[in-house]
Amino acid sequence: MKEIALHIMDIVQNSITANATLIEISLEIESREDTVSVTVKDNGKGMSREMLMHVTSPFVTTRTTRKVGLGISLFKAGAENSGGSFTIDSEEGKGTELSAVYVLDNIDRPPIGDFAGTAHSLIVCNPAIDFVIRVVIDGREDALDTREVRKVLGQDVPLDLPDVSAWLKENLDEVFPSEYVMF
């Protein structure tokens, strides 16, 4: 994939398929450490130890419509090709956590892409799921937690209403400024 944000969207789709009700996405840019770190954590159904041992292979998938699953393997390859690392941990009935660390100044690191737009799309297209979006840029941390948004708006106000969607987009653009899209 051409952008880290697109990898995130693909990985989150796995969380949605695993019936997660809470998905946490963290993006950390640390210039001094020369890293971009991405973590996606969910409370979905998790994976067995056997599946966890093979899930980074492109020829392993739980889908019945095709025999390949490229999302996790491409996410891992992207991080490792930039000189970074990848970890995955999962427990059946508890959820899954994936982390990819990219070397910031490596020529093979893809650009971050439209992280705010990706997070917005995920929230608005999945209004029944709670998301925690956390961004740390050189020590400055911002976050958006849809559980907090629901407390303010009321549990009966859908997050995909046009006015709510516009407000979420505005806040996510503040959390992840557009100048970092090509970063």
14 Å reach of a label modelled at Arg150, 7 Å along Cα-to-Cβ, counting backbone N of the range 160-183 | 160
So how do 30-39, 141-150 stack up, highest first, on mean other-Cβ count within 10 Å?
-> 30-39, 141-150
On each of the three principal axes of the Cα atoms of the chain, give max minus min coordinate, whole Å, ordered largest first.
-> 43, 39, 25
Give me the aspartates and glutamates in straight-line cross-link reach of Lys94: C-alpha distance below 15 Å, same-chain residues under 8 apart excluded.
-> Glu24, Asp42
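Laboratory data are not the source of any read-out in this text; all were calculated from the coordinates shown. Just so you know, these numbers come straight off a predicted model, no measurement behind them. Glycine also receives a Cβ, built like all others from the backbone with ideal geometry; neighbour counts cover every protein chain displayed.
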